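Read through the structure below, which is laid out as structure tokens, and then see the notes.
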Amino acid sequence: MIKFENVTKAYPDGTVAVDGLNLEAPTGKLTILVGPSGCGKTTSLRMINRLIEPTSGTIYLDDQPTSGMDAALLRRRIGYVIQHAGLFPHRTIVDNVATMPILLGESRQKARTKALELIERVGLPASFAKRYPWQLSGGQQQRVGVARALASDPAFMLMDEPFSAVDPVVRGQLQDEFLRLQSEIGKTIIMVTHDIDEALKLGDQVAVMRVGGKLAQMASPSELLTSPADEFVADFVGRDRGYRSLGFTKTAGAVAIGEEAVVQLGASAEEARAKATGAWVLVVDGSRKPLGWAQPEQIAGGELKREHLNLSGIAAAASGTMRQLLDAALSSPSRRGVVVNEHGELIGTVTATDVVKAIEAEPHLETAR
Amino acid sequence: MNIEWLGRQFDTIVFLLGWHVLLTVIPLILGLLIALPLGWWAHRSRRIYPLLVGVAGLLYTVPSLALFVLLPLVLGTKILDPLNIVAALTIYTVALLVRVVADALESVPEDTVQAAKAMGYRSWQSLLKVELPVGVPVISAGLRVAAVSNVSLVSVAALLGIPQLGSLFTQGFQLRFFTPIIAGILLCVILAMILDGLIILLNRWLTPWTPKVVAS
Amino acid sequence: MNYLFDPRHWTGADGIPTLIGEHLLYSLIALAIAAVIAVPLGIYIGVTGKGVFLIAGLANALRALPSVGLLILLVLLISPAFPSKMGYILPSLIVLVLLAVPPILTNTYAGVRAVDAAAVDAARGMGFRTMKILTDVQLPCSLPLVLSGVRSALLQIISTATIAAYISLGGLGRLLIDGKAQNDYSQMVAGAVLVALLALFFDQLLAFITRRVVSPGLTRRTIKSASIAEPAKTPVTV
């Protein structure tokens, strides 16, 4: 557990970066500090490992005040990941990851063995171990940064905008993998981001801060979307929060899934026309995995080929959220959303109307978190 | 070129070359050793940086012949004492390298320094294990310039009669004889190239991690 | 210091004012010639990217050449062809120019190169012709580096001109060389002090000029780019 008690940071010129912050990051959970630039979120984070000293108030690490500790020793207990990874350019990847264990007095041999394990754990091939940071892409460097922070197996991790310096596709991947990793290791993490979507996606709980270093609201992501504490939070969380809150509502059988007739590649135009509902027919492969939608009148005498497929639809998992289901319906050219099971096999289709009906009956639905 | 003269003077030339190497290399090493802490100090303090770099710049503007002549006043040495040359070249080397060392430490990415601190490196550990190693390419670039200039500067001392390769120039002038002059110039250039090459090799050995060898 | 305060040394054909005048005359002639050669060449290489190898190669090679040796070699080669004073003035000027070209050339090149590519692009986009881009954008932006090259070159010249007294050139070096010949240490010290003061004065003068003519909009950024292009002031190798 990391606890802030009335923590204030004021600079000699009178600016107050953090103002009387009270906050508790529970053990094993991922707590996110989010807010506009200048809200003191990074300052708050850096006060935990005392890269910045608080002006007043106390920060506790598992009920011990950090103020009495030796700063260097305190920092060795806390993993730290920053925006551009901050790797040591003069050390190989494996030596970067082994830094902390060696600093803590472990043998070089042992530290490297552990580092190699971690490199693979964060999704990098072991062959990267002997490379230098410049030989890696931004996303790969960021993975090394995470591995380095984990190397000493710290109970606490601080992450400062860890995924913001990479492109959106890589960012999504890193976030997904990080969630998976955290579900395995269960560290007590505080992460800073300016990206509310990232905060809602990753956080067990989210602390929204406002300019002037004050805490505006601390809540679970779905609570933040459904009941923002004030106008500032509502505005910061964003306009389409109603739609996005559906991302936290499990479908859990609440939506009626309709039967959908299917054809396979190679089918004749006649067969496709016979199976089609309206202008569109769903095409699947031999194991009933959806391939795309096709229009029978475009097949024009021949047989159904890949080039006839419309790929715009996004399949939703039956176990997914309302938002995914609605998105599947709206993105499909037939306006019927494809629903699949956990193996990616077709269950049936839903219409937007069906999903909306289920949403209107929301009190019966189980919320995700 | 009179090869026969060179053969006869071989011992003398080797003696002069030896002195030239000593007068070049000793100030280079002394200068680096002095510039490292001074450069670190300049890097650490916003107020000290302009002061140290300013003084270094002023020292650098003093022409070498003038410095050779003025140092005996300060050191209490004789005008012919090679110590004057060592002191003068050490001053030039320090003047050049103070700023280089400060800039080298400044060139270490802030993220890297912060990461070292956050992982619990104490400041001396961070300096020795992270900041200085990462600053090596910049420092060695400065060291190369200092080494090559020192070779040329040492030869000026011949005008005061201190023996080194420059003595070949004055001798050639007095005898109106080209051979020693050309030999002296060639030896100076070769010595400069060798020192330059050694520093490049040293840098390459210390920085296996750089994307490519730092171009000159 | 006695030598400096003796009024007899401040008048006449070999008085201190005459020596300072000579020193300045040779220095400024050499600087002007070097600038006329090096600035256009540096701009040309910087803009076209042709002949970049010249920059690195030339600068390093010339720094390694011992100027005393070069000076004496040229005097022995040239003086027989000229009966008069030109026999040592000409080789001295050649050496001074030769040593002054590299710092101006490399700095002009680096300056043109360091100009923000977006600024050049924007100028072209606004319809500036190549010549106009050069005079209105690239030159003003590279001015701080060009001037820092000129500053290094002038120090190099003042320093080398002192040494040229050894091959009979006039100027403050005379006090050092003649003092050495006559075992008159106070005369040598006087020469050394005057040369050092002259160098300091011109260094500060050029620093002052740089501050006056360089756009304040540039100073902050170019201080940084200057330190990248050139880790320190081009050293005086004499």
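Table for the structure above
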quantity	calculated
Single residue of A:ALA115, A:ALA72 found to be without any contact (Cβ under 8 Å) to a residue 40 or more places away in the chain and either surrounded by fewer than 20 Cβ atoms within 10 Å (Cβ to Cβ) or of a type in the set (Phe, Trp, Tyr) (or both)	A:ALA72
Residue within region B:47-63 that is more than 8 Å from every other protein chain (Cβ to nearest Cβ) and under 19 Å from B:ALA141 (Cβ atoms) present	yes
Residue match in region A:9-32 (condition: crowded, with 19+ Cβ neighbours inside 10 Å, in contact with a helix residue (DSSP H, G or I) (Cβ under 6 Å, 6 or more places away or on another chain) and facing chain B (nearest Cβ under 9 Å))	no
Residue among B:VAL94, B:VAL100, B:VAL25, B:VAL113 that alone is over 16 Å from the mean Cα position of the chain (by Cα), closer than 30 Å to A:HIS90 by Cα, surrounded by 14 or more Cβ atoms within 10 Å (Cβ to Cβ) and not charged (D, E, K, R)	B:VAL113
Region C:150-196 - residue that is more than 11 Å from chain B (Cβ to nearest Cβ), not in a loop (DSSP other than H, G, I, E, B) and not hydrophobic (A, V, I, L, M, F, W, C) and, of those, surrounded by the most Cβ atoms within 10 Å (Cβ to Cβ)	C:ARG174
Close pairs (8 angstrom Cβ cut-off, 6 or more residues apart or separate chains): more than 17 Å from C:VAL95 (Cα to Cα) in region C:137-160, assigned to a helix (DSSP H, G or I) and of a type in the set (Asp, Glu) anywhere	C:ARG151/C:ASP203
Lone unmet requirement of (1) aliphatic (A, V, I, L, M); (2) out of contact with any Pro (no Cβ under 8 Å at 6 or more places or on another chain); (3) in contact (Cβ under 8 Å) with a residue 24 or more places away in the chain for C:ALA59	(2)
Condition met for C:LEU147 (assigned to a helix (DSSP H, G or I) and either modelled with pLDDT under 90 or more than 13 Å from chain B (Cβ to nearest Cβ) (or both))	yes
Whichever residue in region C:86-108 is in contact (Cβ under 8 Å) with a residue 24 or more places away in the chain and more than 16 Å from the chain's Cα centre (by Cα) and, among such residues, is surrounded by the most Cβ atoms within 10 Å (Cβ to Cβ)	C:PRO91
Condition broken by A:ARG75, with the remaining ones in (1) under 22 Å from A:SER164 (Cα atoms); (2) within 14 Å of chain B (Cβ to nearest Cβ); (3) not small (Gly, Ala, Ser) satisfied	(1)
Hits in region B:124-165 - residues which are of a type outside the set (Val, Ile, Thr), facing chain A (nearest Cβ under 9 Å) and without any contact (Cβ under 8 Å) to a residue 60 or more places away in the chain	B:GLN125, B:LYS129
Test: residue in region C:38-48 that is touching a Phe, Trp or Tyr at 6+ places or on another chain (Cβ under 8 Å), crowded, with 20+ Cβ neighbours inside 10 Å and free of Cβ contacts under 8 Å to residues at least 60 places away in the same chain	no
First in region B:65-78 and closer than 18 Å to B:GLY166 by Cβ, second anywhere and of a type in the set (S, T, N, Q) and part of a helix (DSSP H, G or I), Cβ under 9 Å, 6 or more apart	B:LEU65/C:SER159; B:LEU65/C:THR162; B:ALA66/C:SER159; B:ALA66/C:THR162; B:LEU67/B:ASN84; B:PHE68/B:ASN84; B:VAL69/B:ASN84; B:LEU71/B:ASN84
Among residues of region B:1-20, those that are surrounded by fewer than 17 Cβ atoms within 10 Å (Cβ to Cβ) and among the hydrophobic types (A, V, I, L, M, F, W, C), counted	7
Any pair with Cβ under 9 angstrom, 6 or more apart, that starts in region B:173-187 at a residue that is more than 7 Å from every other protein chain (Cβ to nearest Cβ) and ends at one that is crowded, with 22+ Cβ neighbours inside 10 Å and of a type in the set (Phe, Trp, Tyr)	B:PRO180/B:PHE169
Restricting region A:50-80 to residues that are part of a strand (DSSP E or B) and polar (S, T, N, Q), the residue that is nearest to A:LEU104 (Cα to Cα)	A:GLN64
Subset of region B:96-123 [hydroxyl-bearing (Ser, Thr, Tyr) and more than 8 Å from chain A (Cβ to nearest Cβ)]	B:SER107, B:SER123
In region A:29-49, the residues that are assigned to a loop (DSSP other than H, G, I, E, B) and either within 21 Å of B:ALA118 (Cα to Cα) or not assigned by TED's automatic domain parsing to the domain that holds A:GLU198 (or both)	A:GLY40, A:ASN49
Conditions (1) modelled with pLDDT of 90 or more; (2) touching a strand residue (DSSP E or B) at 6+ places or on another chain (Cβ under 7 Å); (3) facing chain B (nearest Cβ under 9 Å); number of the one not met by A:GLN83	(1)
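The values are calculated or read from the model by the stated rules, or taken from the named source; none is laboratory data. Keep in mind the model is a prediction, meaning the values are calculated, not measured. Note that each Cβ is placed from the backbone with ideal geometry, even for glycine, and that neighbours are counted across all protein chains shown.
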